[in-house]
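Accompanying notes for the structure given below.
The values are calculated or read from the model by the stated rules, or taken from the named source; none is laboratory data. None of these values were measured; they are calculated from a predicted model. Cβ coordinates were reconstructed from backbone atoms using ideal geometry, including for glycine residues, and neighbour counts include every protein chain displayed. For the accessible areas, the whole protein counts, side chains as well, though only heavy atoms, and no ligand, DNA or RNA atoms are used. Shrake-Rupley method; radii C 1.70, N 1.55, O 1.52, S 1.80 Å.
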Amino acid sequence: MQAHRSLGSPLTVALLSLATLTACGGRQANGSGGGAGADVLALMQARNLSESDVTAALKTYTPTGKHDEYYTFASGGHGGNLIVIGVPSMRILKYIGVFTPEPWQGFGYGDGGDDVIKQGFRGGQEITWADMHHPALSETGGEYDGKWIFVNDKCNPRVAVVDLSDFVTKQIVSSELIASEHGATFVTPDTDYVIETSQYPAPLGGVYAPVEQFNERYRGAMIFWRFDKVKGRIVPEQSFAIELPPYMQDLADCGKKGSDGWVFCNSINTERAYGGILEGNPPLESGSTQNDTDYLHCINWRKAEAVAKAGKTTTIAGMRTISLQTAIDENLLAFVPEPKSPHGVDVTPDGTGVVVGGKLDTHTTLFNIAKIAAQIEAKQYVGKDPYGVPILDFKSSIFGQCEIGLGPLHTVFDDKGFAYTSVFIETVVAKWSLKDLKVIEKIDTHFNIGHLVAAEGDTVSPDGRFLIAMNKWSLDRFAPVGPLLPQNFQLIDISGPKMQLLYDMPLPLGEPHNAQMIKAGKLKPIEVYKPIGMNPYTNEVDPSATVAGKERIERKDDGVHVYMTAVRSHFSPDIVRVKEGDTVHLHVTNVEQAKDATHGLAIGGQNINVSLEPGKHCNVTFVVKKAGVFPFYCTEFCSALHLEMAGYLLVEPK
Ligand code: K7E
Ligand code: CUA
């Protein structure tokens, strides 16, 4: 395809005048002696770049040594990890191991990260992958505060806490109350609670009931995980849940500003179909799409919190649970019909509305939270569902609907009163006005967009700068790599009157689903662990931290304790003598405080590899099952004598 260039356009004029300027003996842009402008035009021609290509490049290019304006935290999908991406350059800055071992960080290969991953095992089953969907940044007053990020696992219902002071996963919690989830993670505007909502109904508490008892025994639930902002940990004992009917609850979002105290959650399959193709039932996909509407769940979480505090709960699988009947009696749960098979539910930045996209609909619906709250307060209902949950009138609960195109999913916002909805089937981002519910513009995405993320997009004050379309299919966008193709993140500039597609980024780790984009300046990560001997998993100096000069090996009742230091370019001790069958406890401290002076410690044959960032302490316990000679060494090229940073684990036969 020939790029279109018009010689009179502002960019060409600018480039030509730059060319003239440099050609006339002005400053020379490079060593070749040619003018920069002339070079640019020649480059454009040689690479067949259009002017819009060049403006896109100018908007994303980040010169060497310069930092990005935003961090994006993208779910790693099947990878069970978080991907940290700089915007607008789209450079990957880090993978954070969360539910899955991450070798470079040593997460899950010997140190305290193993224990974090183990917190996520369910029912005695080891789980080392996750279907991560929705990261949620912690908020203060409805603004991202840059302190923590929470993530979920849809398949094995779990929530993880990642500390943004060192980008390390500190905790995983999981409740056997529910058997799968999807409406997670979403935070209340001051991060008092992290919300996790079940998806596929099952008997609560992980027990068995035949699927024929679906209506009577199967249930959904929304869990409110209490977050302790001082300790930076979820407190399961202070958490609670609300039992919900056996619809498939989907995504959730919290009210903000005037609507703080509410949480909204979609549902699909209000038909309560459960499949059974070989048993004479319709497949789930058709059984679950009979009704024209499903139910938007409106939950007054402040009321629910008070009900839980008053002890009106039943404990199921260790989780204090408000029964469906109590939720109805206490008037803290009501439904509003919502268009067929909804998916995204997104509260507007001003907190007055909530946008729902019906996957099988051509509209987005803007619900009016004040009207919903008033009707619930006045108990103005038009009916009840089979479980007695009150239902509000649809027309009395909305601002209106926007005719958006086929298959609207998720919605994000800017600072100018516009909403941006991903339209899956039409494979576009549709920009529309919240004020008059009119579509302003559509931009193609490649292909079949799922979530989209906007700069500071879930806060009370979005930035309106960049948007990333997170596309499910990439088809021909990248060089072929076999039948499993990468996902495609497309960076879009939304700051001007027209959207501009800037950049395609392949994501080859899993299906990311959602992401969060935060101003870079809001994060203040530490540079080194301080004081020396810090254990990242306790945020304290470890009692077993090794002080330089006090290295030693001690044989105790529970095994051999090796108090070791790492410093450029040796481990001390560097010879460790043990016996076959011994339990070895390595207490290794990187005693350096120079930025980026990271060491690694890998031991042959033991599946152990830990990362020792400056000041960090690791406790590694393992049993030497076999006699032999096992070299250990540093896995980070830390100095000129890095290869010499090595030692021997000598395991004598019994
Ligand atoms: Cu739409 Cu899990 Cu939020 Cu996938 S979900 S896209
Ligand atoms: Cu320490 Cu290489």
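Direction-averaged projected area, Cα convex hull, the chain: 35.2 nm², rounded to one decimal. When each of the peptides 535-547, 471-483 is scored by the mean number of other C-beta atoms lying within 10 Å of its residues, the order from highest to lowest reads 535-547, 471-483.
Span-like helix check, the chain: qualifying full DSSP H segments, with Cα axial length of 18 Å or more and mean Kyte-Doolittle of 0.0 or more, are 10-23. Evaluated with a Cβ-only charge set (Lys, Arg +1; Asp, Glu -1), the range 263-380 carries a dipole of roughly 480 debye about its Cα centre, given to the nearest 20. Charges were assigned to the Cβ only: +1 to each Lys and Arg, -1 to each Asp and Glu. The resulting dipole of the range 534-652 about its Cα centre is roughly 160 debye.
Solvent-accessible surface of the range 534-652, taken per residue with a 1.4 Å probe and all protein chains present: 47 Å². Take every DSSP beta bridge whose two residues both sit in the range 534-652; close to 70 percent of them are antiparallel. The three principal axes of the C-alpha atoms in the range 322-393 carry coordinate ranges of 34, 27, 23 Å, sorted with the longest axis first. Diffusion coefficient (Stokes-Einstein, Kirkwood radius over C-alpha pairs, 10 °C, 1.306 mPa s) for the range 503-639: 94 µm²/s, rounded to a whole number. With charges set only on the Cβ (+1 for Lys and Arg, -1 for Asp and Glu), what does the dipole of the chain come to about its Cα centre, in debye to the nearest 20? So the dipole magnitude of the chain works out to roughly 780 debye. Below 8 Å between Cα atoms, with a sequence gap of 6+, how large is the relative contact order for the chain in percent? Relative contact order here is 9 percent. Ellipticity at 222 nm from helices only: DSSP H runs of n ≥ 4 in the chain, each -39500 (n - 2.57), divided by the residue count, give -3000 deg cm²/dmol.
Take every DSSP beta bridge whose two residues both sit in the chain, then give the antiparallel share in percent to the nearest 5. Close to 90 percent.
Once you reduce the range 250-298 and the range 153-187 to the center of their Cα atoms, the two points are 22 Å from each other. The portion of the accessible surface of the range 50-137 made up by carbon and sulfur, rounded to a whole percent, is 55 (1.4 Å probe; DNA, RNA and ligands excluded).
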